[in-house]
1. From 85, 35, grab the single residue that is over 18 Å from residue 117 (Cα atoms) and within 22 Å of the chain's Cα centre (by Cα).
2. Can you say whether residue 13 is surrounded by fewer than 18 Cβ atoms within 10 Å (Cβ to Cβ), touching a residue at least 24 places away in the same chain (Cβ under 8 Å), β-branched (Val, Ile, Thr) and outside any loop (DSSP other than H, G, I, E, B), as far as the supplied structure shows?
3. Tally time: how many residues in the stretch 102-151 are assigned to a helix (DSSP H, G or I) and of a type in the set (S, T, N, Q)?
4. Six or more apart or on different chains, Cβ under 7 Å: which pairs go from a residue in the stretch 296-319 that's closer than 14 Å to residue 31 by Cβ to one that's assigned to a loop (DSSP other than H, G, I, E, B) and near ligand 1 (Cβ under 10 Å from one of its atoms)? Could you list them?
5. Search the stretch 16-31 for residues being buried (at least 24 other Cβ atoms within 10 Å of the Cβ) and more than 16 Å from ligand 2 (Cβ to nearest atom), and hand back the single one that is nearest to residue 321 (Cα to Cα).
6. Just for the stretch 282-332: of the residues that are among the polar types (S, T, N, Q) and touching a strand residue (DSSP E or B) at 6+ places or on another chain (Cβ under 9 Å), which one is nearest to ligand 1 (Cβ to nearest atom)?
7. Test each condition in (1) under 18 Å from residue 119 (Cα atoms); (2) within 16 Å of ligand 2 (Cβ to nearest atom) for residue 4 and report the one that comes out false.
8. Can you pull out every residue in the stretch 125-155 that is out of contact with any helix residue (DSSP H, G or I) (no Cβ under 7 Å at 6 or more places or on another chain), more than 21 Å from residue 87 (Cβ to Cβ) and either in contact (Cβ under 8 Å) with a residue 24 or more places away in the chain or within 16 Å of ligand 2 (Cβ to nearest atom) (or both)?
Amino acid sequence: LTFLGLESSCDDTAAAVVRHAPGQPPEILSNIVIGQESLHAAFGGVVPEIAARAHAERIDLCVEQALHTAGLALAELDGIAVTAGPGLIGGVLAAVMCAKGLAAATGLPLVGVNHLAGHALTPRLTDGVDYPYLMLLVSGGHCQFLRVEGPESYTRLGGTIDDAPGEAFDKTAKLLALSQPGGPAVEQEAAQGDVRRFTFPRPLLDRAGCDMSFSGLKTALLRARDGVIAEKAGLTLQDRRDLCAGFQAAVSDVLAEKSRRALDASPGMTAFAVAGGVAANATIRARLTEIARQAGVPFLAPPLRLCTDNAAMIAWAGLERFRVGHRDGLDLSARPRWPLDQRAAPMLGAGK
Ligand code: ATP
Ligand code: FE
């Protein structure tokens with residue numbers, strides 16, 4: 001089977017072609033991502049209207065490039081997969097409209113994909129992992145544990161009750177006048193910092209379960225920073241490095257301990273996998289690797305370009321859904337909210 005995937009739910013416009021022949025590992029024939037960082041940089045966050053317009057302008061080009069790189073014509077595909085949510089609705093609509101147009105023109109099957117399912121199924125695309133496995137999705141917008149039991153079957157074990165860790169890294173960088181995105185900048189400074197100088201809270205570790213909280217951490221960091229400034233009338237590079245190290249240690253501790261609990265509560269998993277930009281962090285990765293080792297399961301971290309937003313994961317998730325019989329009609333709707341685990345968070349009258 002060969003699927004085209006389309007993605008436009010956040011600030012990347014993406015198209016990709018993925019092929020899977022039974023008995024062979026899946027092949028990514030193309031994976032085109034056009035980022036929008038420069039368009040939103042001046043605003044300190046993604047501006048929905050700007051994102052939607054840019055997606056609409058670029059999605060056709062993305063599809064053309066993805067097909068061209070794969071060396072395929074539309075007629076050689078078996079289906080079209082598209083992120084139908086969750087995300088910024090104007091953005092999501094760009095790829096959904098494009099996918100519907102292509103499906104209508106070619107008669108190819110259309111498969112709507114949950115963006116989070118795309119992330120969650122990535123270890124099957126990259127490592128061929130078998131169900132069920134435990135997934136920690138940890139990015140700029142998300143933080144949750146999922147038991148992935150099948151292409152349509154997920155159990156959410158818990159997640160952040162406020163900010164995502166990537167967001168906390170970004171805000172920390174902002175508070176310390178480091179570059180954006182904050183994750184890599186904070187990690188780099190932390191490497192030369194003293195983790196013992198500042199002790200930040202480990203929120204919710206005293207509470208049972210896998211829920212997490214990261215918003216208090218940024219308040220604690222702000223207070224520690226202002227404490228140093230008041231004392232010394234300024235921040236030295238070493239102060240910043242020590243603050244980064246303390247912050248990163250707190251995030252790592254929380255993610256590691258909650259991962260341990262999630263694995264504890266999930267016997268029979270074939271692996272522990274991560275996805276999302278924060279999984280690029282070497283300290284966090286090392287901690288999670290150790291937790292997986294203690295639980296006796298392999299640790300899987302897909303390559304970064306497949307960990308962050310992309311359309312190869314959408315093509316793959318669409319292909320998997322298609323295999324178990326899922327098809328969407330041309331009435332496929334874009335959904336701003338779409339929880340993966342319908343049992344944990346029932347949809348109340350939105351979409352279908
Ligand atoms: P989502 O995909 O959930 O909609 P997103 O597009 O913001 O959100 P990603 O592209 O997966 O998420 O990841 C970006 C986030 O990852 C940013 O917040 C960034 O700071 C963080 N990040 C990237 N590299 C690192 C790193 N080395 N350490 C910590 N965080 C990092
Ligand atoms: Fe994402």
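The values are calculated or read from the model by the stated rules, or taken from the named source; none is laboratory data. Just so you know, these numbers come straight off a predicted model, no measurement behind them. Don't worry about glycine lacking a Cβ; one is built from the backbone with ideal geometry, like all the others, and counts go over all protein chains shown.
1. Of the residues listed, the single one that is over 18 Å from residue 117 (Cα atoms) and within 22 Å of the chain's Cα centre (by Cα) is 35.
2. In short, no.
3. Count: 3.
4. 307/276; 309/10
5. This residue is 18.
6. Among residues in the stretch 282-332 that are among the polar types (S, T, N, Q) and touching a strand residue (DSSP E or B) at 6+ places or on another chain (Cβ under 9 Å), the one nearest to ligand 1 (Cβ to nearest atom) is 308.
7. (2)
8. Within the stretch 125-155, 127, 128, 130, 131, 132, 147, 150, 155 meet the criteria.
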